[in-house]
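To start, the structure itself, in structure tokens.
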Amino acid sequence: AVVSTQSTGIVGWYHTGPKLHPNDIKINEIIKKYCTDSVLVIIDAKPKDLGLPTDAYIAVEEVHDDGTPTTRTFDHVKSEIGAEEAEEVGVEHLLRDIKDTTVGTLSQHLTTQVVALKSLHSKLQDISVYLTQVSDGKLPVNHPIIYQLQDVFNLLPNLNVPDLMKAFTVKTNDQNLVMYTASIIRAVIALHSLINNKTTNRAAEKEGSKKVEVEKEDKEEKEKDTKEKEDSNKKEVKS
């Protein structure tokens, strides 16, 4: 599929991969007729790992050391998914409408936290593997990355201070208490609404049955009056 916009035209193409295919270079050469610097985006329709389910590539010339002719290959480029403010608002409303109403806010919050912790654990593992390979001499030292990691470490709080640990614990407990209380109140209100709904339905059923009985009695009385009038008319005719 081709990716294009009204303002910039064709910017590249994508497929659901989930990996690169041998024919992607040939397809990219065709797309180059309409876009000289086309970008290939591979979208994983069934992502199993955390993070963005997309990978972006651009075609580059690969030079061989043995003097053989250059070949075309794909080079991975950094990418991120963003949206304009109007699109973000629309997506937020869409997600709010399709959320599972049977699941409480507490369980949703806990699920979100678990997913975030898994993602953090995966990133920390990548950092650990990178630093281990750098210390072993398998990878060269990348000073911008080291500077960023140093900034991250400098921003970490000192958890060896008892007062700070107590403050974190109290703050977390207060937040969880508010969420737990709100979930209980929501459940009680839902049960109260359910009981009121059942009571209203029963009252409506009783009124409906009474109305049917009254209509039936009125109909029987009308039929009885009509029959009596017919009988009286017959007697008058005979006399």
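Remarks
- If the condition is being surrounded by 10 or more Cβ atoms within 10 Å (Cβ to Cβ) and of a type outside the set (Gly, Ala, Ser), then region 127-137 contributes Ile127, Val129, Tyr130, Leu131, Thr132, Gln133, Val134.
- From the options Ser193, Ser183, residue that is of a type in the set (Gly, Ala, Ser), in a helix (DSSP H, G or I), at pLDDT below 85 and closer than 30 Å to Ser107 by Cβ: Ser183
- Inside region 26-69, residues that are within 30 Å of Ser119 (Cβ to Cβ) and loosely packed, with under 14 Cβ neighbours inside 10 Å make up a count of 7.
- The residue that is least open to solvent (accessible area, probe 1.4 Å), among those in region 147-191 that are more than 30 Å from Leu131 (Cβ to Cβ) and among the hydroxyl-bearing types (Ser, Thr, Tyr), is Ser183.
- Pairs with Cβ under 9 Å, 6+ apart, first in region 68-91 and over 27 Å from Lys19 (Cα atoms), second open to solvent by 60 Å² or more (accessible area, probe 1.4 Å) and in a loop (DSSP other than H, G, I, E, B): Glu88/Gly82
- Exactly one residue among Pro140, Pro144 is within 30 Å of Ser128 (Cα to Cα), part of a helix (DSSP H, G or I) and either out of contact with any Lys or Arg (no Cβ under 8 Å at 6 or more places or on another chain) or open to solvent by less than 100 Å² (accessible area, probe 1.4 Å) (or both), and that residue is Pro144.
The values are calculated or read from the model by the stated rules, or taken from the named source; none is laboratory data. Note that this is a predicted model, so its numbers are computed, not measured. Neighbour counts run over all protein chains shown; Cβ positions are idealised from the backbone, glycine included. Side chains are part of the model used for accessible areas, which takes the heavy atoms of the whole protein and leaves out ligands, DNA and RNA. Shrake-Rupley method; radii C 1.70, N 1.55, O 1.52, S 1.80 Å.
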